[in-house]
Each structure stands twice: as C-alpha cells, then as structure tokens.
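**Student:** Mind looking over this structure? Questions follow.
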C-alpha cells in the first residue's frame, strides 16, 4: 500500500467517531445520506455499482467511491479502500468481493458482464443495507478535510478560507454542502488533481467564495463558487475527456447546496 494511502486510511480510522461528534442529529445524518445517494446514484440500488462513461474504474456505494483496478493509477484519489478500512474498524462484516485489494473488474466490459452476477449482487445488497455507515465515513472524511486544506492553502489565504468554512458550516444546509462536496470532488489539495494548474476541490471552492454572511447566505455563495470552479475545470480539461457533458449535472448538484436540508 502506498504511504499516502496508508496515512489516509489511518486518518479515517482515527476519525471514526467524527460523525457522532458532528453536531448533526440522527435525522439530519439520514437526510444527508439519502441526498448523497440521490446525487450519485439517483437513489437506486442498481446505481450503487457503476462504471461511468469515459472512466477507467468503477464507482461503488452511495458516494461513488473510486476503486482502481490493479496496475492502474489515476489522477483522482481512490476512496473505496479507505471506506473498507473504516467499515472494518466499525466491526462491519463485508462481502468477500469488497475486501479485495483492487477492483476485480479491469474493464467496463468485464464489469457489465458481471453486473447481475453473484459478486456484484452481494455487494449492492451490502451497500443498500449500510447507508448509515457510508454516510458516517463521508462525514468523517469531510471533518478531516479542513486541516489538510489549511496546510495546503497559501499563507495569505488561510484565515479567509477557514472563516468561509465556518460560515458555511453554521447551518445543517451548509454542513451538508461541505460534506457532499468533499465526497464529490475531494479536498483540492493533491497536485495531481489539477488541470493547467487549477484544482476543483473544497480548497478552491472556499477560496473562490465572495463575501457573504454566515448561515444560509454563505451556503448559497458556496454553491455559486462551486459552479464557477467546476466550469473552470471543464474549460481547462483535456478535450478528449469531453467534460462539458457533465456540466449541467454538476451544476444541478451544486444547486442543492443553496437549498435547506430537508
């Protein structure tokens, strides 16, 4: 296991109680989990195992956690192995396929052939039965993001970025936005996750926010900043990736950050 991934797994395990300390009620956590499931999978059980067009790996679970096949190293942070480590730390019993070191499906064609097979069916069944655990993992990952973001931010921007984070986090609506965006596009601290020098993670969204008061207004500005950051990503992306096709869906997801959590 690479050192960076090992550090990430340890951090998530140490933050296993973060969801309980998040200040969110059980109902709010459940609402966040359902929103993320809807955002990533249209709320369907079938969507819990997906191989998106134009990608080289499957996306698993309510958060569409990235799972790389053996020998493949992409620019995006792999999130399925840390989820598995988190689940083990919680004493969860996982299906055998979930515990493999790498995705057992090397291509989209292999994945599609096995879609209704025993392995993937068992995996979807487990995922559908453990939405709360996946939500807790996503919350823990979000809570771990702020120190990483501040460590990576320019010295002149640290105070403003931290202030924006806390402005957004003062409501359940804003807390959902922060939690979902880290799961959606990451922290924004990895240099590999850049197009033409520009990132698209939480760091860049917080840094790109215009002045707004704490609370609902901050959540609305966070949503607007997220749309600007993702549109910039699309402009800077390699043409062969065809990322313009995702802009409407990405913007629709960001628009949910501007609405009350229900």
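**Student:** Could you check, for segment 92-101, whether at least one of its residues is in a helix (DSSP H, G or I), over 23 Å from residue 243 (Cα atoms) and modelled with pLDDT under 90?
**Tutor:** Within segment 92-101, the first condition is being in a helix (DSSP H, G or I), and the residues that meet it are 96-99.
So of that shortlist, the ones also over 23 Å from residue 243 (Cα atoms) come out as 96-99.
If we keep only those that are modelled with pLDDT under 90 too, we end up with 99.
Checked against the condition, which is being in a helix (DSSP H, G or I), over 23 Å from residue 243 (Cα atoms) and modelled with pLDDT under 90, segment 92-101 yields at least one hit.
**Student:** Also: Among the candidates 145, 87, 159, 92, single out the residue that is assigned by TED's automatic domain parsing to the domain that holds residue 213 and either surrounded by fewer than 14 Cβ atoms within 10 Å (Cβ to Cβ) or over 19 Å from residue 70 (Cα atoms) (or both).
**Tutor:** Of 145, 87, 159, 92, the one residue that is assigned by TED's automatic domain parsing to the domain that holds residue 213 and either surrounded by fewer than 14 Cβ atoms within 10 Å (Cβ to Cβ) or over 19 Å from residue 70 (Cα atoms) (or both) is 159.
**Student:** Residue by residue through segment 147-173, note down the ones that are at pLDDT 90 or above and closer than 18 Å to residue 24 by Cα.
**Tutor:** 165, 166, 167, 168
**Student:** Restricting attention to segment 43-83, report how many residues are over 15 Å from the mean Cα position of the chain (by Cα), more than 18 Å from residue 176 (Cβ to Cβ) and not in a strand (DSSP E or B).
**Tutor:** Residues meeting the conditions: 17.
**Student:** While we're looking at this one, here's another question. Sort out which residues of segment 197-253 are touching a residue at least 60 places away in the same chain (Cβ under 8 Å) and touching a helix residue (DSSP H, G or I) at 6+ places or on another chain (Cβ under 8 Å), and write them in order of number.
**Tutor:** 253, the sole residue that qualifies.
The values are calculated or read from the model by the stated rules, or taken from the named source; none is laboratory data. Everything numeric here is computed off the predicted structure, so don't read it as measured data. Virtual Cβ from ideal backbone geometry, glycine too; neighbours counted across all protein chains shown.
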